[in-house]
Amino acid sequence: MSGTTASEAPAAPPAGTLFVDEATGVDAAGVDATSQATPFKTAAFALYSGGEAASIFVKKDEGYEAISASALKKAKKGAEGIAKKIKTAEEQRVKKEKEEASKLEEAKKIQIVEDAALPAAKKIKIRDAAATRGTRVRLSGWVHRLRTQKGLAFLVLRDGTGYLQCVLAGDLANAYSTVSLTLESTVTVSGVVSALPEGKSAPGNHELAVDYYEVVGLAPGGDEAVSNKVQEGADPNLLLDMRHLVLRGETMSNIFKVRAALLRAFRKTYAELGLLEVTPPCMVQTQVEGGSTLFSLKYYGEDAFLTQSSQLYLETVLPSLGDVFCVQESFRAEKSHTRRHLSEYTHVEAELAFLTFEDLLTHIETLFVRTVEHTLADPEIAAIVEQLHPGFVAPKLPFRRMAYVDALDWLNAHGIPNEEGEPFKFGDDIAEAAERKMTDTINEPILLNRFPLEIKSFYMKRCADDPRVTESVDLLIPNVGEICGGSMRIYDLDELLAGYKREGIDPAPYYWFTDQRRYGTCPHGGYGLGTERILAWLCDRFTVRDCSLYPRFTGRCKP
Ligand code: 4AD
């Protein structure tokens with residue numbers, strides 16, 4: 001190898017030459033520096049990789065040139081340094097491996113035995129930890145967090161009722177089962193809970209000093225570890241495939257605690273308002289909200305559907321049970337991928353007899369405000385809502401009422417166009433985007449009412465003072481839009497038959513619904529609320545998908 005002089009023509013690189021470019025090269029094992037396109041960064045690394053006999057060409061202004069003698073000398077020193085460094089690192093790695101292996105061998109010798117002299121442990125759930133401080137307790141849960149430090153192991157356990165820090169010391173911390181413990185493993189621990197000293201923090205401001213524990217189920221580590229299966233910021237579709245594990249996260253658990261509290265609160269409000277709970281069927285042979293969103297199925301050879309709404313069935317029990325409600329799944333084959341549509345959602349529906357449209361509007365706003373109040377009356381839930389939705393303010397009565405025609409004026413005055421990009425005119429549907437803009441701008445709940453007959457369902461009653469519109473209402477909430485849809489129902493037989501005709505519905509399968517207008521009809525009305533939409537609002541989630549345990553939407557029916 002030699003450098004070129006001014007009088008010689010530059011030597012062509014022989015086969016196998018390693019190229020070096022200090023500006024763009026990369027020093028790493030696996031780089032193929034025999035190509036000018038992927039050079040090494042330093043001649044020292046090239047020499048270390050290729051050995052003393054390697055031919056090295058270095059990038060200069062004019063192109064690649066054979067390395068100069070002085071640069072080669074310098075590179076040799078550098079290569080020796082690299083070899084030394086790599087040797088030391090390898091020695092350290094082997095040493096560490098040996099240490100860990102011997103630590104594991106030592107750990108295997110440790111037997112965890114329960115001290116028979118200790119008082120019997122009382123079985124508790126984590127929520128009872130504060131009340132049982134100072135006494136010996138036993139509890140089981142999942143390893144939510146895991147940390148070892150100076151001969152101590154800190155486990156934060158989760159059992160659905162709370163989180164508890166458990167501390168293992170001495171043999172318990174050094175035992176094989178502890179050093180090989182993984183996140184999401186299940187354990188049963190015994191010990192005494194006591195308050196944390198000043199300046200330390202853990203859930204509940206206390207921790208359990210473990211005196212004995214057993215592993216119930218060891219979760220996988222390595223590639224299969226839960227932290228590799230579920231990673232924050234991963235593709236939403238992958239996270240949905242792993243929904244069963246994602247649900248174990250704190251945010252998800254919190255949303256579903258709020259969900260349980262919300263449903264509890266609905267039932268409490270309904271009890272206060274005197275409505276009785278019923279459970280209508282999910283498999284039906286009638287539509288409620290238009291044929292385009294029906295899921296059909298074969299039912300012992302007959303055509304049937306998954307219910308879109310339990311409304312028609314609720315209407316049938318008014319004569320026997322009076323005002324009723326249900327909490328039932330509804331199914332909609334929604335083709336659109338929006339942040340507020342699911343194919344299956346939990347529908348809270350109610351039906352009330354002998355009331356006016358005005359009574360219905362008052363009932364809806366009262367139900368909603370009281371239910372939110374009851375939900376937040378639980379301090380644990382209020383704290384979760386504040387965490388998920390900082391600064392959340394519960395709505396107050398009465399809600400703003402706005403007629404459809406006035407909404408059109410509002411939208412036109414604010415330059416918000418209809419779906420064709422034109423000013424709104426009577427009969428236009430107010431689509432999701434426009435509805436959201438209006439609701440978010442007004443920034444308070446709106447009872448939007450009196451929609452045109454043509455854009456509403458066959459069963460809705462016309463307004464006495466304007467037959468073009470119906471006694472119908474949508475409750476709109478900022479950030480989500482429509483969370484409730486309701487109406488007064490046609491209770492005159494002929495009017496209902498005309499409604500079927502107008503919508504091209506065969507009345508035959510509806511004989512039982514029609515009969516309500518024959519066997520003692522009455523003015524009545526009701527509504528349906530979307531649980532996941534209310535939750536998205538309460539918990540400040542971008543999409544209703546976060547508020548359903550296993551969300552179903554176009555293309556997603558698993559796990
Ligand atoms: O406005 P909708 O379609 O009304 C009915 O089904 C009536 N039959 C209810 C009744 O009067 N008993 O639906 C009512 C509510 C909507 O306001 C919305 O909150 C929710 O149900 N909803 C959906 N939620 C999630 N995904 C979907 N695909 C939804 N479709 C409606």
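Computed from the coordinates by the stated procedures, all read-outs in this text should not be read as laboratory data. Remember, it's a predicted structure, so these values are computed and weren't measured experimentally. Neighbour counts are summed over all protein chains in view; Cβ atoms, including those assigned to glycine, are modelled from backbone coordinates with ideal geometry.
Some notes on this structure:
- Computed E for His414/Ala464 - FRET, C-beta separation, R0 25 angstrom, nearest 0.05: 0.20
- Exposed GluC sites (Glu not before Pro) absent: longest stretch of the chain, with sites in DSSP loops and at most 10 other Cβ within 10 Å deemed exposed: 233-419
- Under the combined filter of DSSP loop state and at most 15 neighbouring Cβ atoms within 10 Å, segment 61-121 retains none of its trypsin sites (Lys or Arg not before Pro).
- Alpha-carbon centroid distance for the pair segment 10-39 / segment 358-418, whole angstrom: 67
- Charge dipole of the chain about the Cα centre (unit charges at C-beta), most positive-ward option of Phe424, Leu118, Asn228: Leu118
- Between segment 53-120 and segment 265-329, the C-alpha centres lie 68 angstrom from each other.
- Think of each Lys and Arg Cβ as +1 and each Asp and Glu Cβ as -1; about the Cα centre, that makes the dipole of segment 290-334 roughly 80 debye.
- A full extension of the chain between Phe542 and Ser35 corresponds to an added length of 177.6 nm, given 0.36 nm per residue minus the alpha carbon distance.
- Straight-distance crosslink candidates among aspartates and glutamates, where the alpha carbon sits under 20 Å from Lys60 and sequence neighbours closer than 8 are dropped: Glu8, Asp21, Glu22, Asp27, Asp32
- Placing a label point 7 Å from the Cα of Asp406 along the Cα-to-Cβ direction, the residues of segment 419-453 whose backbone N falls under 17 Å of that point are 438-452.
- Whole-Å distance, taken between Cα centres, linking segment 477-505 and segment 426-458: 15
- Net charge over other residues, Cβ less than 14 angstrom from the Cβ of Gln285 (K, R count +1; D, E count -1): -2
- Those residues of segment 333-372 whose amide nitrogen sits under 20 Å from the label point placed on Asn237, 7 Å along Cα→Cβ: 334-344
- The H on the amide N of Glu277, modeled in the peptide plane, is under 5 Å from the matching H of Phe325, each at least 5 residues off or on a different chain.
- Note on the chain: helix-only mean residue ellipticity at 222 nm, from DSSP H runs of 4+ residues weighted -39500 (n - 2.57) and normalised by residue number, equals -10000 deg cm²/dmol.
- Cα-based shape type of the chain, given that a ≥ b ≥ c are square roots of the gyration tensor eigenvalues and the cut on a/c is 1.5: oblate
- Taking every alpha-carbon pair within segment 57-123, the share separated by more than 15 Å comes to 76 percent.
- In this Cβ point-charge picture (+1 for Lys and Arg, -1 for Asp and Glu), segment 7-85 has a dipole of about 420 debye about its Cα centre.
- Dipole-positive endmost among Ile381, Ile67, Gly499 within the chain (Cβ charges, Cα centre): Ile67
- Mean Cα-pair separation over length for the chain, i.e. relative contact order, pairs under 8 Å, 6 or more apart, %: 9
- Entries in Lys85/Lys150; Lys229/Lys437; Lys335/Lys437; Lys257/Lys298; Lys96/Lys122; Lys257/Lys558 that, when Cα-Cα distance is taken, lie over 31 Å: Lys229/Lys437; Lys257/Lys298; Lys96/Lys122
- Within the chain, the whole DSSP H helices whose Cα atoms reach 24 Å or more along their own axis and whose mean Kyte-Doolittle score is at least -1.0 are 250-273, 357-377.
- Three-way shape label, segment 122-224, alpha-carbon gyration tensor, a/c 1.5: prolate
- Mean Cα-pair separation over length for segment 398-446, i.e. relative contact order, pairs under 8 Å, 6 or more apart, %: 42
- Each of Leu139, Val167, His206 was scored by the projection of its Cα onto the charge dipole of segment 122-224, and the greatest displacement toward the positive side belongs to His206; charges sit on the C-beta of Lys, Arg, Asp and Glu.
- When +1 charges are put on Lys and Arg Cβ atoms and -1 charges on Asp and Glu Cβ atoms, the dipole computed for segment 148-239 relative to its Cα centre reaches about 180 debye.
- The amide H of Cys463, built 1.01 Å from its N in the peptide plane, has Val469, Thr470, Glu471 as neighbours under 5 Å, considering only residues 5 or more places off or on other chains.
- If you sort the three axes of the alpha carbon gyration tensor as a ≥ b ≥ c, you get a/c of 1.5 or more for segment 386-468 and a/b no higher than b/c, which makes it oblate.
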